[in-house]
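Here's the structure we're looking at; comments come further down.
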Amino acid sequence: MSDRHLAELVVDLDAIAHNVRVFQEAAAPAGVMAVVKADAYNHGVDVVAPAMLDAGVEQLGVATLGEALHLRGILNDLGERHHSTPITAWMWMPGDELADVFAAGITVGVPSLAHAKSLVEQAERALRETQVSAPVRASLMVDTGLSRSGVSPAEWQQTVELLAAHTDCVDITGVMSHMASADEPQSEANDLQATRFAQAIEFCRNHGLSVPCNHIANTPATLNRPDLAYELVRPGVGLYGIDPAGAGVELRPAMTLRARVITTRVVPKGEGVSYSHTWRAQRDTRTAVVALGYADGLPRSVSGKMQVTINGKAYPQIGRVCMDQIVVELGPADGAEAETSAVQPGDWAVIFGEGGTSIDEFAELAGTISYEVLTMPRGPRIARVFRGGSPDFSGDGSRTVATADDMRHLGEQLGAQLEAGTVVVLSGPLGAGKTTLTQGLAAGLGVKGRVQSPTFTIVRTHRAGQRGVGLLHMDAYRLLGADVDEGIEPGRHIDRNEVLDALESLDIDADIDDVVVVAEWGRGVVEPLSDKVLDVQIDRGSVSGAADAASEIRTVTWRWV
């Protein structure tokens, strides 16, 4: 992530995992389909979706087919652990080409008779041309009262009969619908939709469709209407910490928007601030300029209404919100308050989120809803930063990271759990972040010395710190005189003594049992050194909407061998 970003969208993965658990408990024994449309409500689907799966959600839902294919690519990159996770997408046009969707195993929502006809036609062709080997998966959408999407009452019987006649090519996995007033628990519309949904399921089964997995409950219905859980619930905004119905559960908002203070100054008494001078100084006043504006998604409608929090203290925003910046009133230019003010250029100003105005409060100021506030921050000038998410290194696992700092943090978490005598086999393409991860390992181990690439030194030792565990960092292929591009010759057997002899020839005096060995390019070379071997693979891929090349996502996969 570029160091030149002046604003950040901080996403708390621990909060998301907590919220997943809340919905699991509320829905049990039903499963949870996490809705991760719109880039996981602007939280970053590349990282958030795997984190939700790690936390225990069973399925994922998105709006468009493009989102579904992108998501499938993310999960495929994670390996066997999540590659077969069911994904449902429900927005498409009749006649859209579905071959790649079928191949990716996406469950397609069917919202109209025209969609059903198109789906059947393409599914028959895909089977006939052996593009697929089994009926394609689809979820039948029924309009129970939202009057937006879902098969209408006028088309319902014909649609069901069509799909029931083509179970050889289309597998209807269930019925789905969406609620119009679930955030108003007392609304009569909720009971009416509940009745219609039950009738729709019964109608399908009476016509030969088994529809085993049905879902209608969104965030508020999951929390307030346990009778609507069926086989799955389909929460969206609640997974990101928003409770639109005031159910009283302990959800933790996952998003914080903050920006840097770029300058401070004194505005003399009587002078105006920002466009049209809607605010004038009633006294000599200290102000700060914060690097965020309506081009970054901060609505102009909050001008003069909002507060920002800097170093734990709330300050009023004054004047008009501009394209790139806002002005904040810090207080009088003289007196004790001015002398003790600690606001300086470089400080973070929290717009909303942890330590500042809540998302719900900000939404009220902006005259909108919390859903929209989550999707407001946008553009390449805002860096997305992920925090939290404690992986379990006792077994096999994977984690996606989006920045070098995140890679170091992951390495630090791993290093804190490693024991002396462990060998870490570290593989991945050039520039994937192997040395960056090792820097984190060193921090977690608490060893001495600066960690750098071992390419030119072959082996570098780092003395033990308070934990009493040292670090041996090596370029394993070159240790044995091989070129990394060519690798070790096929069939060559490497044993412990061969590696130890190579270390001794370099005058490396290290007891393997007292250190953690990190071997870049070490697969097939260093495994004989220990019976505690952790194989770590780093792969690269681009983040959706990334601002620069440094924002490439990395998938880190580990397994004990």
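Please treat every number below as a calculation from the coordinates, not as lab data. None of these values were measured; they are calculated from a predicted model. Counting neighbours? That spans all protein chains shown, and the Cβs are built from the backbone with ideal geometry, glycine included.
Ordering Ile310, Tyr371, Cys322 by Cα displacement along the dipole of the stretch 255-384 toward the positive end leaves Cys322 in first place; charges were set at the Cβ atoms of Lys, Arg (+1) and Asp, Glu (-1).
Sorted on the mean count of surrounding Cβ atoms within 10 Å across their residues, most packed first, peptides 55-68, 74-87 read 55-68, 74-87. Think of each Lys and Arg Cβ as +1 and each Asp and Glu Cβ as -1; about the Cα centre, that makes the dipole of the stretch 14-240 roughly 140 debye. Panel order for Leu251, Leu146, Leu127, by other beta carbons found within 10 Å of each beta carbon, from fewest to most: Leu146, Leu127, Leu251.
Rg ratio for the stretch 165-281: its Cα radius of gyration over 2.2 N^0.38 Å, N being its residue count, equals 1.82.
Remark on Asp347: its backbone amide H falls under 5 Å from those of Val261, a criterion applied only to residues 5 or more positions apart or on other chains, H modelled at 1.01 Å from N. Taking the fewest neighbouring Cβ atoms within 10 Å as the starting point, the ordered list for Phe352, Phe203 is Phe203, Phe352. For Lys305, the lysines whose Cα comes closer than 25 Å to its Cα, not counting residues fewer than 8 places off in the same chain, are Lys269, Lys313. Which residues in the stretch 520-542 have a backbone N closer than 14 Å to a point placed 7 Å from the Cα of Asp495 along the Cα-to-Cβ line? What the label zone holds, given the 14 Å backbone N cut-off, is 528-529.
The Stokes-Einstein estimate for the chain, based on a Kirkwood radius over Cα pairs and taken at 37 °C with 0.692 mPa s viscosity, is a diffusion coefficient of 123 µm²/s.
Using a cutoff of 8 angstrom between alpha carbon atoms and counting only pairs six or more residues apart, the relative contact order for the chain works out to 13 percent.
Averaging the Cα positions of each part gives two centres, and for the stretch 62-132 and the stretch 1-61 these lie 22 Å apart. The relative contact order of the stretch 14-240, computed from alpha carbon pairs under 8 Å that lie at least 6 residues apart in sequence, is 21 percent.
Highest mean first, the peptides 223-232, 305-314 sorted by other C-beta atoms within 10 Å per residue fall in the order 223-232, 305-314. Using the Stokes-Einstein relation with a Kirkwood hydrodynamic radius computed over Cα pairs, the translational diffusion coefficient of the stretch 88-128 at 37 °C and a viscosity of 0.692 mPa s comes to 320 µm²/s. All C-alpha pair distances within the stretch 244-348, sorted into 5 Å bins from zero, spread as 2, 12, 21, 22, 17, 10, 6, 5, 3, 1 percent across the bins. For the chain, what is the mean residue ellipticity at 222 nm derived from helices alone (per DSSP H run of n ≥ 4: -39500 (n - 2.57); sum divided by total residues; nearest 500 deg cm²/dmol)? Here the helix-only value at 222 nm equals -8500 deg cm²/dmol. Relative contact order of the stretch 222-366: 25 percent, from C-alpha pairs under 8 Å at least 6 residues apart in sequence. Only one residue of Val533, Leu75, Val343 has its Cα farthest out toward the positive end of the dipole of the chain, where Lys and Arg carry +1 and Asp and Glu -1 on Cβ, and that residue is Val343. Span-like helix criteria (full DSSP H runs; alpha carbon extent of at least 20 Å along the helix axis; mean Kyte-Doolittle hydropathy of at least -1.0) are satisfied in the chain by 13-27, 113-128, 188-206.
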